[in-house]
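In what follows, a single structure is set out as structure tokens and then discussed.
The values are calculated or read from the model by the stated rules, or taken from the named source; none is laboratory data. Note that the structure is a prediction, hence the values are computed from the model and not measured. Here the Cβ is made from the backbone with ideal geometry for all residues, glycine too, and neighbour counts use every protein chain on show. Note: areas computed on protein heavy atoms with side chains; ligands, DNA, RNA excluded. Shrake-Rupley method; radii C 1.70, N 1.55, O 1.52, S 1.80 Å.
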Amino acid sequence: MSAIYLSIAIDVAQRIVNDEFAVGSRLSGRTLLASQYNVSSETIRKAIMLLRDANVVSVSQGKEITVISVEEAYRFIEHHKSMQSVYSLKQEIEMLLAQKYEI
């Protein structure tokens, strides 16, 4: 599983838990989210599908994304915490290797 779209899904879930996106509110379209995260709209689609499958958001007509559950967003984050920390460690190792090559 691509860590990029999982990481984005975790970030969106965290924003829901933090009340940046309230239950019942609609998230920006895929294109806008893609530009915010600097990824393709396909990557955003995959992230949103993870959240949909976890009952965090609903997607109507394949486009409109509505927040449906803070509790499920929290569960999603808890379930993927270990993956997030592995991804963070991988990023840190890559950064350290890049610094090593510069030296």
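Just to be sure I understand the filter: pairs with C-beta atoms under 8 Å, separated by 6 or more residues or on different chains, first member in region 21-42 and closer than 19 Å to Ile4 by Cβ, second member open to solvent by less than 80 Å² (accessible area, probe 1.4 Å) and in a loop (DSSP other than H, G, I, E, B). Which pairs pass?
Leu27/Phe21; Leu33/Leu27; Ala34/Ser40; Gln36/Ser28
Is it true that Glu42 is at pLDDT 90 or above and not basic (Lys, Arg)? Can you show your working first?
Details: at pLDDT 90 or above: yes; not basic (Lys, Arg): yes.
So Glu42 fits the description; yes.
Hey, does region 75-98 have a residue that's over 25 Å from Arg30 (Cα atoms), modelled with pLDDT under 90 and hydroxyl-bearing (Ser, Thr, Tyr)?
yes
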